[in-house]
Amino acid sequence: MHRCLHRRAALKAMGILGPTAFLTRLQAADSKDPTPVPASFAGTWTYRSFLSNPDIQVDFDKLEFARATLAIETAPFGNLRGRLSFDDDFLALKGSLFYGNPFTARFQGTGATPNTQGWVYDYLGFLVPQWPNGIAQRPCIVGTVIRTVPHSDGKAKAGVVASFIAVRRDS
């Protein structure tokens, strides 16, 4: 019971719990002109993912899992849409945004081109807060990705997990 009260207080302090927060979400969901994805997520990002290998001796270049362009579109409140592009191939992205500290994105990428047909990846990312005295800090999303479905060629197995960072590009 004691732990539950602390969670309620924390959620209320973040504006996630309480009549005002609920009403705000309800109004946004019913609105004909939905609140767009916050500018903090919408935009173009340089995406890099890395194999989760704890061996400090492994050369950094051998940890690369993927590199791509992450484009997050302006979407209705709480929704995420976009694409993760690898040159001419890409994954179509669809998911949700959760407002809190930090802001969180949970989305799925599905193959949308002949070379990515059948690919399914799931992502969980957190928008890194800005440091008050940071110098030239760029907005970034950090998180984790899992290959949900194996690739049809049998070489890329399901269940592989990697860490990722996406750094916002200039407009």
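List of remarks:
- Of Thr46, Thr116, Thr148, the order by accessible heavy-atom surface (1.4 Å probe, DNA, RNA and ligands excluded), from most exposed downward, is Thr148, Thr46, Thr116.
- Subtracting the Cα-Cα distance of Lys157 and Ser52 from their residue separation scaled by 0.36 nm leaves 36.3 nm.
- You can think of it this way: the chain between Ile146 and Thr74 has 23.5 nm of extra reach, that is 0.36 nm per residue less the Cα-Cα gap.
- Heavy-atom accessible surface of region 42-171: percent carbon and sulfur, 1.4 Å: 55
- Phe90, Phe107, ranked by accessible area, largest first (probe 1.4 Å): Phe90, Phe107
- Legend: residues Phe65, Phe60, sorted from most to least accessible area (1.4 Å probe; ligands, DNA and RNA excluded), read Phe60, Phe65.
The values are calculated or read from the model by the stated rules, or taken from the named source; none is laboratory data. As the structure is a prediction and not an experimental result, all values here were calculated from the model. Protein only, heavy atoms only, side chains kept; ligands, DNA and RNA dropped before computing areas. Shrake-Rupley method; radii C 1.70, N 1.55, O 1.52, S 1.80 Å.
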